[in-house]
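Everything on this sheet refers to the single structure shown next.
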Amino acid sequence: MTATIIDGKAFAAKVRGQVAEHVQRLKDEHGLTPGLAVVLVGEDPASQVYVRSKGKQTVEVGMNSYEHKLPADTSEADLLALIERLNADPAVNGILVQLPLPKHLNSDLVINAIDPAKDVDGFHISNVGLLGTGQKAMVPCTPLGCLMMLRDHHGSLSGMNAVVIGRSNIVGKPMAQLLLGDSCTVTIAHSRTRDLPEVVRRADIVIAAVGRPEMVHGDWIKPGATVIDVGINRIEGRNGLFGDCDFDSCAEVAGAITPVPGGVGPMTIACLLANTVTATCRANGLAEPQGLTA
Ligand code: NDP
């Protein structure tokens, strides 16, 4: 069997198109232009690339982008003061603090200072709790993107066995919550899981969010399963980016698979834009965009 390739780049373009349409409607019918503020502390090169890309795509879908670049030695008090200003600014509907922060800053404290209604990354403890209890939350972008691709491919996920490899707060745990919300039977695996290949072989849906290049092999995959590869890794001596799955051997067995690059990655920013529209609608008591939320 050769797997269907789930084209995240094309799917993300479709999501951005839907976001742009909704933004236009908000402008035309309600005089609202959603605004996304991105805060970058320091000069981490990868973070700078992400922030630039986020800003560009925000403007492309018709929203306002506000970039706040602060020096690496910014004090916690100054950063918290900026977040307070953004919380109070009616032109700002979404706030994202680019992680990782420099070591002298307490990320939990900073993230939890964001107004939960503007927390478009979905990392605020209130949103974590709302998601965990099945209530309306702002949902972390990468897992939301994975869920959208799975729903698009399968329709209903009800009753499917899903194995999420990785239990981080930003990917693994919220991914598991979302799959549970769609009535999957969910297993969360991690570095202490015994006989991981055997656990993965039971899965109709495999989400690999580990950070170890090409760890998951084709002989771990149940024939016909759907494999969502969240990993973004580099391998010394080889050019390009590599997922957590060995693409060639997994694609031989899986029913569908996301490539790296061009799978989950593009969906993450598309979902950030979708979350900003959702936040704008909720803040103004308007109907949320269909298909862009969990
Ligand atoms: P973390 O390092 O926070 O978490 C990795 C998880 O993998 C941990 O739960 C860890 O287990 C588990 N793990 C590590 N080694 C093994 C192993 N040998 N067997 C089973 N489980 C293992 O990573 P993130 O969740 O932040 O990211 C995961 C990957 O996804 C990375 O490659 C990252 O670059 C990528 N990523 C991609 C995004 C995108 O937009 N496409 C966005 C975010 C991340 P334990 O808890 O026991 O240590």
**Request:** Please specify each residue of region 91-146 satisfying the condition of being within 16 Å of the ligand (Cβ to nearest atom) and among the β-branched types (Val, Ile, Thr).
**Result:** 97, 111, 120, 128, 139, 142
**Message:** So for region 115-128 (the condition being open to solvent by 50 Å² or more (accessible area, probe 1.4 Å) and of a type in the set (Lys, Arg)), does at least one residue qualify?
**Reply:** no
**Asked** For region 1-42, which residues satisfy the criterion of being among the hydrophobic types (A, V, I, L, M, F, W, C) and over 30 Å from residue 253 (Cβ atoms)?
**Response** 19, 20, 23, 26, 32, 36, 37, 38, 39, 40, 41
**Message:** Pairs please, first residue from region 241-267 and assigned by TED's automatic domain parsing to the domain that holds residue 225 and more than 12 Å from the ligand (Cβ to nearest atom), second anywhere and part of a helix (DSSP H, G or I) and modelled with pLDDT of 95 or more, Cβ atoms under 6 Å, 6+ apart in sequence or on different chains.
**Reply:** 249/218; 250/218; 252/218; 253/218; 256/153; 257/250; 257/251
**Request:** Please work out which one of (1) open to solvent by 80 Å² or more (accessible area, probe 1.4 Å); (2) closer than 19 Å to residue 130 by Cβ is the condition residue 177 fails and give its number.
**Result:** (1)
**Request:** Can you tell me which residue among 209, 203 is within 11 Å of the ligand (Cβ to nearest atom), open to solvent by less than 70 Å² (accessible area, probe 1.4 Å) and in the same structural domain as residue 252 (by TED's automatic domain parsing)?
**Result:** 209
**Request:** Name the one entry in 170, 235 that is part of a loop (DSSP other than H, G, I, E, B) and either more than 23 Å from residue 262 (Cα to Cα) or more than 10 Å from the ligand (Cβ to nearest atom) (or both).
**Result:** 235
**Prompt:** In this structure, is residue 178 farther than 27 Å from residue 111 by Cα, modelled with pLDDT of 95 or more, under 16 Å from the mean Cα position of the chain (by Cα) and not polar (S, T, N, Q)?
**Reply:** no
**Request:** Being part of a loop (DSSP other than H, G, I, E, B), near the ligand (Cβ under 10 Å from one of its atoms) and among the aliphatic types (A, V, I, L, M) is the filter here, so list the residues in region 212-232 that pass it.
**Result:** 215, 230, 232
**Message:** I'd like to check something: does region 176-188 contain any residue that is of a type in the set (S, T, N, Q) and part of a helix (DSSP H, G or I)?
**Reply:** yes
**Item:** Condition broken by residue 69, with the remaining ones in (1) more than 28 Å from residue 284 (Cα to Cα); (2) touching a residue at least 60 places away in the same chain (Cβ under 8 Å) satisfied
**Value:** (2)
**From the options 45, 90, 100, residue that is at pLDDT below 95, on the phi < 0 side of the Ramachandran plot and not polar (S, T, N, Q)** = 45
**Prompt:** Could you say whether any residue in region 185-198 is aliphatic (A, V, I, L, M) and away from the ligand (no atom under 15 Å from the Cβ)?
**Reply:** no
**Prompt:** So which residues in region 2-52 are in contact (Cβ under 8 Å) with a residue 40 or more places away in the chain, of a type in the set (S, T, N, Q) and either within 19 Å of residue 230 (Cα to Cα) or open to solvent by 80 Å² or more (accessible area, probe 1.4 Å) (or both)?
**Reply:** 2, 4, 47
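The values are calculated or read from the model by the stated rules, or taken from the named source; none is laboratory data. This one's a predicted model, so the numbers in the text were calculated from it and none came from an experiment. Virtual Cβ from ideal backbone geometry, glycine too; neighbours counted across all protein chains shown. When the accessible area is computed, the model is the full protein with side chains, heavy atoms only, and any ligands, DNA or RNA have been set aside. Shrake-Rupley method; radii C 1.70, N 1.55, O 1.52, S 1.80 Å.
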